[in-house]
Amino acid sequence: MSRILLEDTSDFVVDKQSITEAVATGVKFPVIIKGRVSVCDEVNGNGRIYPKAVWERQLKAGSKLTGLFEKNRSLGLLEHPKDGNVSLLSPICSMTRKAWIHEAKSEGKQPVYEVWGEIAILGTPEGRKLWALVEGGYNPLVSSRGYGSISKGPTGHDQVCEDFECEGWDVVYFPSFAKAELDGKSAREAVC
């Protein structure tokens, strides 16, 4: 089975109480925002399903991803890199500090599990651009960036396999999950 770049794009919904750090003369970076970054066991716009078990493995203590969080190395870019490579010369706008699985309210009988994260918008040129867009009314959308393989799941959709290794989340213009969106209005109000 070959390993390919897997991008799980998702809107980002901000926790309205999570915006931090502002001063009267402007924004003090980093600006911390908590919100939904993925949904478990749902077909995304790319036709892929990210099983809850895959996210649980990614988010358990001692995983590669939690190690990146601990070392402040889960960097987020403005858009996914075309070649899949990230370096310090990449358009870094944010950093994921932590992520966790959250049981969301469900209208059906089955619970819905989402991945929520704490993302810091950085004071880099790209981070300032992102914040300027948020101040202007733009609602940022995020997408996970990682590598792994896929196989056909029981529903016929591509399912992300256990070898998936997430590196973090990028801010993208066209996400494949439409269930999460940063609440730009609340973010602006909290900083002002």
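The values are calculated or read from the model by the stated rules, or taken from the named source; none is laboratory data. Predicted model, so just to flag it, every value in this text is computed and none were measured. Virtual Cβ from ideal backbone geometry, glycine too; neighbours counted across all protein chains shown. Ligands, DNA and RNA are excluded from the accessible area calculation, which covers all protein heavy atoms including side chains. Shrake-Rupley method; radii C 1.70, N 1.55, O 1.52, S 1.80 Å.
Using the Karplus relation 6.51 cos²θ - 1.76 cosθ + 1.60 with θ = phi - 60°, the per-residue 3J(HN,Hα) values for region 36-53 come to 6, 10, 6, 10, 7, 6, 10, 6, 8, x, 8, x, 10, 10, 9, x, 4, 4 Hz, with x marking Gly and Pro.
Given the protein chains as shown and a 1.4 Å probe, how many square angstrom of S144 are accessible, to the nearest 10? Number for this one is 0 Å². Couplings 3J(HN,Hα) of region 78-86, computed from phi: 7, 6, 5, x, 4, 8, x, 8, 10 Hz, in residue order, whole Hz [Karplus 6.51 cos²θ - 1.76 cosθ + 1.60, θ = phi - 60°; x for Gly and Pro]. In the structure shown, the pairs K28/K105; K64/K152; K60/K82; K71/K98; K60/K109; K60/K98 are assessed against 22 Å; a Cα-Cα span above that value is assigned to K28/K105; K64/K152; K60/K82; K60/K109. The listed residues E118, E162 rank as E162, E118 when sorted by accessible area, largest first, using a 1.4 Å probe.
Accessible area per residue for region 28-90 is 50 Å², calculated with a 1.4 Å probe on protein heavy atoms, without ligands, DNA or RNA. Dipole of region 22-119 computed with +1 at Lys/Arg Cβ and -1 at Asp/Glu Cβ about the Cα centre; of I49, P30, H102, farthest Cα towards the positive end is P30. Computed on protein heavy atoms with a 1.4 Å probe, the accessible areas place R57, R73 in the order R73, R57, largest first.
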